[in-house]
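Visitor: Quick one: structure below, then a few questions.
No value in this document is a laboratory result; all are computed from the given coordinates. Only a predicted model underlies this, so the values are computations on that prediction, with no experimental measurement involved. For neighbour counting, all protein chains shown are included, and Cβ atoms are generated from backbone atoms with ideal geometry for every residue, glycine included.
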């Protein structure tokens, strides 16, 4: 399968570029790829059909067919349409000004209702509202205990009646207690059930009728497949949902089911769950989700992630250093240490548009080893050497290599690479995200970034491909050209 | 044709299920530990109705629900006198195939095969059905769905999967299944992360009446696994089943933890774990392929438990998984009751994927 939709389309339209106009037939091939991509992302078939009808209409228009870059146009159309369908955004919980607001969570078994209860509580607590949780899952063994543990962790009261087997009663009593205690929000954690299990759906309806929740949210597993249309449809029919929360989106699931759910229910998507911790609940952003479904990365998410790792003050300091050219090997080391956490780089790469192909490379053992070696080599340098690597001569190099337990070429490569990177970094600092992306692309194109594992730092490539003098000169010219360009851009 | 003959039994199934649903309602107002008893009775009734086909009828019953909900039926593509196999026909067929969650790859393979054999012809439904069912069955053909028992006791089974796929419930049912077959079981509550996961498995152990080894909350799961195997050796148990916390296949450090659990277990019993079962949610879509890949690499999976097959989802994603990783499905989960587990039968599964009630 294609790494992402954009690449797939690019290769589909490749044979045409420069030759002639795109025909309707070509475009149909492209649309076929779009359809396949959506199906691979687990969007339900009838929803895909409907979606494709809209997209085809636009894509077969003259503007796209005559465009110079049809694949970009088509991706744009698909992306816009996705955002259009997934929106509008409404992540408000619509709390009532008086009396408790009752929120009911429902969904299939294992979709993440109980964990989401905890996450919603955390969110409310952050806004200074103390919720009360009601344990209405009387089916699964120890579900009540689970909610109690969560309540204790978050310091939120949990109402349960271990001996009562009637969830309707439990909910009623829980709400009554919340009213008496003046809780502003009550969250009902109901048992997981199959949408086709009529008895249990009737039970849910009974709770709905007798307790009258203000908001009913469907919790959907982000990995759900084609069945999403059926279950979401059934839940919506019996309960009139007010919103959807999709969970488990911290993995590599593309979450196409969300499109199906939205299509079937029409209710807004409120939040997405992106981790096991209680603060891992994010307001839904259609733009991010559209890129995710199309596997095009999510630059906003990547930026957020980056901010999470490096705190603001540190970042500013680094950027100032980069811009002034004071960036030393020591700072480089600090940066490396930050990103050397397992799985982190891969995740970042996965989130960056166009960098998806580096994800695996960055996650490999080899990459982690490479980074460790680099850090080790820098550790073996004196402060003076870190500040000014130019002083490192053959003798010092041997000493550093011995100290770090690496071969000498690793050290020379590191220094060389650093010298190349330094001016580029200076250029990169103090620019907007868009400019930086353009620079990244340039870097990629130049070959500096072609080996994200920095295994170039280890030793020379073992393919025996030594550059001739001519080639070296050519590369140097390219570098110079890039530097000049950067300078120009800066102005 | 056997399938047609068995249709009569099918007709009696709805009554049976409405009975069971009625009793479930009663059960809902009684203490939870009685629920399994009730479902046991229901199963007894089903088995006495179709001798020798308890498992068969249960699986069919569950999948019948699926069919009703999905209205997935290749047969309604056909008129009584047959239908011309053309682009429209193939498109419709493709839609039906996709709905099983088998993914675009296998669906295209099957569609193209049908096109090659029947294009331009007016076909009878039996022909097409047979083709597809056979092909699917072939894809899923496997030697045995049995648990690979070790030559020397105990056989160690490690159970892994993503969050909420149904690991703990599957372990409970599997332990009961194996215990009924006369094996002495020890459970290991290796999910020390999720709140009350240990309690959940303890309740299951109580229902089955088997030993359980538990660690403290946030204890090292590898140590719990080690103690479980230790206990199994000590009391001479036949099988040790170890639960693990749910994790996403992309969480590298958590996946490495699985490798550690494996290593620790093998220190106690040389060739253990003998089985590493990956629990997949039947409602999962194409991400299940990534799950199979990730868990196979990190934990060396030997088989799949396909949970929640009693819903309207069909679990067709096991087709590409089987194709790519040679991972056989060993058991299917068909509900929350203690007896709601069955050994995987490729012929049944293939029929149920496409057949009409």
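Visitor: Expected output is a single nm value to one decimal: the length gained when fully extending between residue A:155 and residue A:92, i.e. 0.36 nm times separation in residues minus the C-alpha distance. What is it? All intermediate terms of the calculation are to be shown ahead of the outcome.
Guide: Values: separation 63, 0.36 × 63 = 22.68 nm, distance 2.29 nm.
Taking 0.36 nm per residue and subtracting the Cα distance, the gain is 20.4 nm.
Visitor: Given R₀ = 25 Å, what would the calculated FRET efficiency be for residue B:270 paired with residue B:179, taking r from the Cβ atoms and rounding to 0.05? Could the numbers behind the result be given before it?
Guide: Numbers: r = 25 Å, r/R0 = 1.00.
According to the calculation, E is roughly 0.50.
Visitor: Something else: Which whole-number percent gives the relative contact order of the range A:101-296, counting Cα pairs below 8 Å spaced six or more residues apart? Please list the in-between numbers first.
Guide: Numbers: 375 pairs, mean separation 48.7, N = 196.
Computed over the range A:101-296, the figure is 25 percent.
Visitor: Across 10 Å bins from the origin, how do the percents of Cα pairs in the range A:101-296 run, short distances first?
Guide: 10, 39, 37, 14, 1, 0
Visitor: Another question, then. Given a Förster radius of 45 Å and the C-beta distance between residue B:253 and residue B:88 as r, what FRET efficiency does 1/(1 + (r/R0)^6) yield to the nearest 0.05? Please list the in-between numbers first.
Guide: On the way: r = 51 Å, r/R0 = 1.12.
Efficiency, from the Cβ-Cβ distance: 0.35.
Visitor: At 0.36 nm per residue, minus the direct Cα-Cα distance, what do residue A:383 and residue A:316 gain on full extension? Give it in nm, one decimal, please. Walk me through the intermediate numbers first.
Guide: On the way: separation 67, 0.36 × 67 = 24.12 nm, distance 2.23 nm.
Result: 21.9 nm gained on full extension.
Visitor: Additional query: Which of the peptides B:166-175, A:72-81 is most tightly packed, and how do the rest follow, going by the mean number of other Cβ atoms within 10 Å of each residue?
Guide: On the way: B:166-175: 26.6, A:72-81: 19.4.
Sorting B:166-175, A:72-81 by mean packing, highest first, produces B:166-175, A:72-81.
Visitor: Follow-up question, since we're still on this one. If one computes the Cα centroid of the range B:114-153 and of the range A:232-259, what distance in Å separates the two points?
Guide: Cα centres, the range B:114-153 to the range A:232-259: 32 Å.
Visitor: Can you compute the FRET efficiency between residue B:121 and residue A:32 using 1/(1 + (r/R0)^6), with r the Cβ-Cβ distance and R0 = 22 Å? Round to the nearest 0.05. All intermediate terms of the calculation are to be shown ahead of the outcome.
Guide: On the way: r = 25 Å, r/R0 = 1.14.
FRET efficiency, residue B:121 to residue A:32: 0.30.
Visitor: Taking the convex hull of the alpha carbon atoms in the range B:133-203, what volume per residue do you get, in Å³? Let's see the in-between values first.
Guide: Working: hull volume 9.6 nm³, N = 71.
Measuring per residue, one finds 135 Å³ for the Cα hull of the range B:133-203.
Visitor: Continuing with the same structure: If you take each beta carbon of peptide B:195-206 and count the beta carbons of other chains within 10 angstrom, what is the mean? Show your work: numbers first, answer last.
Guide: On the way: counts 14, 12, 4, 2, 8, 6, 2, 3, 4, 2, 0, 1.
Per residue, the number of nearby Cβ atoms from other chains is 5 on average.
Visitor: Ranked highest first by the average count of other Cβ atoms within 10 Å around their residues, in what order do B:92-98, B:238-244, A:82-88 fall? Can you show the working numbers first?
Guide: Numbers: B:92-98: 20.7, B:238-244: 27.7, A:82-88: 17.0.
By packing density, highest mean first, the sequence is B:238-244, B:92-98, A:82-88.
Visitor: Between the range A:20-53 and the range B:283-304, what is the separation of their alpha carbon centroids in Å?
Guide: 28 Å
Visitor: Continuing with the same structure: Expected output is a single nm value to one decimal: the length gained when fully extending between residue A:402 and residue A:163, i.e. 0.36 nm times separation in residues minus the C-alpha distance. What is it? Show your work: numbers first, answer last.
Guide: On the way: separation 239, 0.36 × 239 = 86.04 nm, distance 6.92 nm.
Result: 79.1 nm gained on full extension.
Visitor: Can you sort B:110, A:269 by how many other beta carbons sit within 10 Å, fewest first?
Guide: Ordered from fewest to most neighbouring Cβ atoms within 10 Å, B:110, A:269 come out as B:110, A:269.
Visitor: Order of B:348, A:246, A:132, A:335 from fewest to most other C-beta atoms within 10 Å? Present the calculation step by step, with values, prior to reporting the outcome.
Guide: Details: B:348 20, A:246 30, A:132 25, A:335 16.
Ranked by crowding around the Cβ, least crowded first: A:335, B:348, A:132, A:246.
Visitor: Another one. Contact order normalised by length for the range B:291-357, with contacts defined as Cα pairs under 8 Å and 6 or more residues apart; what percent is it? Before the final figure, lay out each step's value.
Guide: Details: 65 pairs, mean separation 19.8, N = 67.
Across the range B:291-357, relative contact order equals 30 percent.
Visitor: Can you pull the mean other chain C-beta count within 10 Å for peptide A:165-177? Working shown, then result.
Guide: Values: counts 9, 2, 1, 0, 1, 0, 0, 0, 0, 0, 0, 0, 0.
Whole-number average of other-chain Cβ neighbours for A:165-177 is 1.
Visitor: Once label points are set 7 Å from the Cα along Cα→Cβ at both residue A:391 and residue A:199, what is their separation, rounded to one decimal in nm?
Guide: 8.1 nm
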